[in-house]
Amino acid sequence: MSGIIIVGAGQAGASLATKLRMLGYDGAITMIGEEPAPPYQRPPLSKGYLLGDMRLERLCLRSVAFWEEQKVTLRLGAPVTALDRIAKSVRVGSEIIPYGKLALTTGSRPRRLPAASGGELDGVYTVRTIADVDAMAPEFQKGRRLLIVGGGYVGLEVAAVSANFGLQVTLIEMAPRILQRVASPATSDYVRKLHTNHGVKILENTGLDRLTGNGRVSGAILSDGVEIAVDFVVAGVGITPTVLLAEEAGLDIENGIRTDDFGQTSDSSIWAAGDCASFPYKGARIRLESVGNAIDQAEVVAENMLGASKSYEAKAWFWSDQYDVKLQIAGLSSGYDHVVTRGDGDAVSFWYYAGDKLLAIDAINDARAYMVGKRLIEMGKSPDPVVIVNPAADIRMLLKS
């Protein structure tokens, strides 16, 4: 056996390598990443790191010394350009590296605005890597005019940081409301009001026709024909799984690298985990873009690469920090037919039901509701909505009922 190679040095890759060592695997582990930095946290990029509250060193998941102690070889700053499944090897530059087993944790890439819409003008950014944020950081000066395209979590987090810097922020969302793809109208209403109170101009039902400028962006024409002047633009229009390497190697692709319950791909020597992997989930197939999934799935895959045959049961959880508000989400709300609200004001939670079944919870500045809701969902319990809406009810007791 030539050891285990992990392609992708993000959260999933780091979790997988660490878990392999925790399980006692003492063979060679090589983790290959195209970015020059060792594995680091991405969520703070659009929050604390962009705001300047978090230094580069604190982004790193582990120190370089940790990886040396664990005898995990880091190959950074160069991508894997080819995967030969017959020879069981990968190519990095001119070097061919053999593997016994391979894990693909290649993550995802941000969607960019089309060149025909001005997406290649200077001053147009995305938020995915340290280099992305470092490149846009000099733009964050009080009074400058920022256009954010996309009203998802990344766009809204950038809006919050920008408002704190004193920028003039306009955010456009082509859907009828921000967060429409992932949250209820109640959550959208709360977040919209939060940003509006901080001076962010949110335009829903408004898309981008094109950006204008000579070499560098200087304006935008919106879908309703309105023209606005801008100093720079951040596109937060979603991400796509990084599957090209797997696709060119002939692995099955279905909204990501297709895996079975165990994280194994259509090649029995190759596994996948994290943003890049789609997997069976309650009779369907999904792909989750979250830190929680990257960690949990990678750790199960590590066990299975060592022969555990353990099914992965996804427990979806997310969070978003905007201003002094912490939004925590547990479960998947798709298919809900009504929402029950607990609390009001600064601490509030929205509980998503399909009939009598609790599917998900959005908790805003309410850690207790989040904790209880998350545990209930994981336990398969669905509390009576009458209890949820009662402010006098101790919802912690629901865990014991």
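Remarks
- Members of the stretch 85-97 that are open to solvent by less than 70 Å² (accessible area, probe 1.4 Å), on the phi < 0 side of the Ramachandran plot and in contact (Cβ under 8 Å) with a residue 12 or more places away in the chain: Val90, Val92, Ile97
- One residue stands out among those in the stretch 181-208 that are assigned to a helix (DSSP H, G or I) and among the β-branched types (Val, Ile, Thr): the one that is surrounded by the most Cβ atoms within 10 Å (Cβ to Cβ), which is Val191.
- Among the numbered conditions (1) open to solvent by 60 Å² or more (accessible area, probe 1.4 Å); (2) under 27 Å from the mean Cα position of the chain (by Cα); (3) farther than 23 Å from Gln297 by Cβ, the only one that Met22 does not meet is (3).
- Sole exception among (1) open to solvent by less than 10 Å² (accessible area, probe 1.4 Å); (2) in contact with a helix residue (DSSP H, G or I) (Cβ under 6 Å, 6 or more places away or on another chain) for Arg177, by number: (1)
- Considering Asn365, Asn390, the condition of being within 23 Å of the chain's Cα centre (by Cα) and either open to solvent by 40 Å² or more (accessible area, probe 1.4 Å) or modelled with pLDDT under 95 (or both) is satisfied by Asn365 alone.
- Residue selected from the stretch 145-172 under the condition touching a strand residue (DSSP E or B) at 6+ places or on another chain (Cβ under 7 Å) and open to solvent by 30 Å² or more (accessible area, probe 1.4 Å), by the criterion farthest from Leu222 (Cα to Cα): Tyr153
- Criterion violated by Gly274 - all others in (1) of a type outside the set (Val, Ile, Thr); (2) open to solvent by 10 Å² or more (accessible area, probe 1.4 Å); (3) at positive phi satisfied: (2)
- Within the stretch 29-47, the set of residues being outside any loop (DSSP other than H, G, I, E, B) and within 30 Å of Gln322 (Cβ to Cβ) comprises Gly33, Tyr40, Pro43, Pro44, Leu45, Ser46.
- Residue in the stretch 188-217 that is nearest to Ser349 (Cα to Cα), counting only those that are in contact (Cβ under 8 Å) with a residue 24 or more places away in the chain and small (Gly, Ala, Ser): Gly199
The values are calculated or read from the model by the stated rules, or taken from the named source; none is laboratory data. What you see is a predicted model; the values in this text were computed from it and never measured. Don't worry about glycine lacking a Cβ; one is built from the backbone with ideal geometry, like all the others, and counts go over all protein chains shown. Side chains are part of the model used for accessible areas, which takes the heavy atoms of the whole protein and leaves out ligands, DNA and RNA. Shrake-Rupley method; radii C 1.70, N 1.55, O 1.52, S 1.80 Å.
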